[in-house]
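All remarks here apply to the structure that follows.
The values are calculated or read from the model by the stated rules, or taken from the named source; none is laboratory data. No experiment lies behind these values; they were computed from the predicted model shown. All Cβ positions, glycine included, derive from the backbone under ideal geometry; neighbour counts span all protein chains shown. Heavy atoms of the whole protein, side chains included, go into the accessibility calculation; ligands, DNA and RNA do not. Shrake-Rupley method; radii C 1.70, N 1.55, O 1.52, S 1.80 Å.
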Amino acid sequence: MPYWRCLARAAKDAALMHRFANPARFLKIARPLTGWLFWPGLLLLLVGSACGLFLTPADYLQGQTVRILYIHVPAAWLGMGGWSGIAIAALMQLVWKHPLAAVAGRAIAAPGALFTAICLMTGSIWGRPTWGTWWEWDGRMTSMLVLFFLYLGYIALGNASALQAQQGGVSNVTAIFGLVGAINIPIINRSVVWWNSLHQGPSITLRGSSIDGSLLWPLGLTLLGFTLLFGAIVLMRMRAILAQNKVEARMQRLARG
């Protein structure tokens, strides 16, 4: 493709990306989309959890404790996915100066930290009868704990940012922190391959799954349900941040007047 066409396509993509930079235009879409994500997500979560609890058989080795996978696996997925979203938002903030990218990063951080904490807690509960211990400093568990602390650090940096008071987002320093912290994501993913670990190896890959089909099918429901709920929570938080910004801007105008 000629160079000038590449430039034209890049300019077109940038214009499309900035189309929703206007808060009013974003909110017009975010308001109905929040409900479209929340209610189907809640339904899928409830149906998947009920099926996993009552319809699937017990595992031949782990017994009834295997049922915690319907919460643990989606929580781990969203803990890592949340930070991936923060890294993408940080890149958009630093490179393309998208005005809503900082707001998105701040909105993702809290639910991402929550799901990472749920992953750690459910993993510990699952590990006690399976491994005979609540905690083991292996690669997967330690790197997930590091991710949780990264979330806390990101939230603290965002709250301390002077720019946050003006636009409800995070400073460039916080965005850089979000990008650097993304190094931990592939470490989490490959930790059970790189190091000897109590944690089981990859159960679901592009080549298939080592989980029996009779146990696997409700996981898709809870995974999709949690993902939709995560998206709804992020949109709700973005809307709340933008509303707070509007109130603060109005108060500043009144103070100057």
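Numbers below:
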| read-out | value |
| --- | --- |
| Evaluation of residue 222 against (1) open to solvent by less than 40 Å² (accessible area, probe 1.4 Å); (2) modelled with pLDDT of 70 or more; (3) out of contact with any Leu (no Cβ under 7 Å at 6 or more places or on another chain) (one fails), failing number | (3) |
| Selected residue (criterion: surrounded by the most Cβ atoms within 10 Å (Cβ to Cβ)) from residues of the stretch 96-145 that are polar (S, T, N, Q) and either under 24 Å from residue 173 (Cβ atoms) or within 18 Å of the chain's Cα centre (by Cα) (or both) | 116 |
| Residue list for the stretch 54-113, filter: outside any helix (DSSP H, G or I) and either of a type in the set (S, T, N, Q) or within 18 Å of residue 217 (Cβ to Cβ) (or both) | 55, 56, 57, 58, 59, 60, 62 |
| Residue 130 vs. criteria modelled with pLDDT of 95 or more and in a helix (DSSP H, G or I) | no |
| Pair list, Cβ under 6 Å, 6 or more apart: the stretch 15-36 residue modelled with pLDDT of 85 or more, other residue assigned to a helix (DSSP H, G or I) and among the basic types (Lys, Arg) | 30/239 |
| Residues of the stretch 37-56 classified as at pLDDT below 95 and open to solvent by 60 Å² or more (accessible area, probe 1.4 Å), total | 3 |
| Residue count, the stretch 174-219 (criterion: of a type in the set (A, V, I, L, M, F, W, C) and at pLDDT below 75) | 8 |
| Every residue from the stretch 57-77 that is open to solvent by less than 30 Å² (accessible area, probe 1.4 Å) and either β-branched (Val, Ile, Thr) or under 26 Å from residue 112 (Cβ atoms) (or both) | 66, 69, 70, 72, 74, 75, 76 |
